[in-house]
Amino acid sequence: MKSDSSFCRTLATAGTAIALAIGTVSCGASGEPDRRTQVAEKGRSVMPFDLERTTHRFTKSSNGGVQTVVADDPGDQEQIRLIREHLTKEFAAFQRGDFADPASIHGAEMPGLSTLAQGYKRIQMSFETVQNGARILFTTDDAGLVDALHAWFDAQVSDHGRHAEHGQPRHGRGH
């Protein structure tokens with residue numbers, strides 16, 4: 001009997017350890033949702049497209065970079081339309097120095113964000129549709145703004161996890 005009891009205690013301890021390990025994958029040490037979970041939840045209120053069916057790509061260049069969002073399925077016309085509508089809206093806001101949407105998702109202290117909001121007049125921006133979505137191109141001759149764009153891109157890739165990736169580095173005028 002003693003060995004059965006010992007076995008049961010060991011099994012219960014192992015089960016508790018596994019449950020705790022699983023819990024920490026989606027929650028931080030305090031039991032709160034981890035940052036990526038929080039970002040995904042906040043993103044749903046700002047981005048109309050489905051993060052599970054789309055990919056954000058952030059490609060740095062020597063003078064800025066490109067933010068691209070595409071539907072994972074090239075035939076998913078609804079997601080493509082939603083991506084284009086959203087990036088059109090974000091492009092217009094960014095041209096006014098309004099980075100409120102990224103701040104509402106990632107937090108006001110997001111790397112690069114305040115520098116971009118303050119220096120937006122020195123950043124040339126353009127919007128383009130691409131086959132499965134759209135992109136915003138950012139170019140500037142200001143090295144501090146290039147650094148801010150790159151920090152902003154890195155933070156988004158980190159925060160969005162599997163829903164975002166770095167593109168291949170580009171050289172020259174944003175493309």
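The values are calculated or read from the model by the stated rules, or taken from the named source; none is laboratory data. It should be emphasised that the depicted structure is a prediction, and the values quoted were computed from it without experimental measurement. As a convention, Cβ positions derive from the backbone with ideal geometry for all residues, glycine included, and neighbour counts pool all protein chains shown. These area figures cover heavy atoms from the full protein model, side chains too; ligands, DNA and RNA do not enter into them. Shrake-Rupley method; radii C 1.70, N 1.55, O 1.52, S 1.80 Å.
What are the pairs with Cβ atoms under 7 angstrom where one residue, in region 148-163, is modelled with pLDDT under 90 and the other, located anywhere, is surrounded by fewer than 17 Cβ atoms within 10 Å (Cβ to Cβ) and acidic (Asp, Glu)? Sequence gap at least six, or different chains. Hits for this filter: Val157/Glu165.
In this structure, is Ala92 modelled with pLDDT under 50 and either in a helix (DSSP H, G or I) or open to solvent by less than 60 Å² (accessible area, probe 1.4 Å) (or both)? No: the conditions fail for Ala92.
Tell me yes or no: at least one residue of region 103-115 is assigned to a helix (DSSP H, G or I), surrounded by 14 or more Cβ atoms within 10 Å (Cβ to Cβ) and either at pLDDT 95 or above or in contact with a Gly (Cβ under 7 Å, 6 or more places away or on another chain) (or both).
Filtering region 103-115 down to residues assigned to a helix (DSSP H, G or I) leaves 103-106, 113-115.
Next cut, surrounded by 14 or more Cβ atoms within 10 Å (Cβ to Cβ) only: 103, 105-106, 113-115.
Checking which are either at pLDDT 95 or above or in contact with a Gly (Cβ under 7 Å, 6 or more places away or on another chain) (or both) leaves us with 105, 115.
Taking every residue of region 103-115 in turn, at least one turns out to be assigned to a helix (DSSP H, G or I), surrounded by 14 or more Cβ atoms within 10 Å (Cβ to Cβ) and either at pLDDT 95 or above or in contact with a Gly (Cβ under 7 Å, 6 or more places away or on another chain) (or both).
With respect to (1) surrounded by fewer than 20 Cβ atoms within 10 Å (Cβ to Cβ); (2) charged (D, E, K, R); (3) not in a strand (DSSP E or B), the lone exception for Glu128 is condition (3). Would you call Phe153 in contact with a strand residue (DSSP E or B) (Cβ under 7 Å, 6 or more places away or on another chain) and within 26 Å of Asp34 (Cα to Cα)? Against the criterion (in contact with a strand residue (DSSP E or B) (Cβ under 7 Å, 6 or more places away or on another chain) and within 26 Å of Asp34 (Cα to Cα)), Phe153 qualifies. Can you name the residue in region 80-89 that is in contact (Cβ under 8 Å) with a residue 24 or more places away in the chain and open to solvent by 10 Å² or more (accessible area, probe 1.4 Å) and is also nearest to Arg122 (Cα to Cα) among such residues? Result: Thr88. Which one is farthest from the chain's Cα centre (by Cα) among residues in region 52-66 that are open to solvent by 10 Å² or more (accessible area, probe 1.4 Å) and over 20 Å from Leu116 (Cα atoms)? Once the filter is applied, the top-ranked residue is Arg53. Within the option set Phe49, Phe99, Phe7, being among the aromatic types (Phe, Trp, Tyr), modelled with pLDDT under 95 and open to solvent by 60 Å² or more (accessible area, probe 1.4 Å) holds for one residue only, Phe7.
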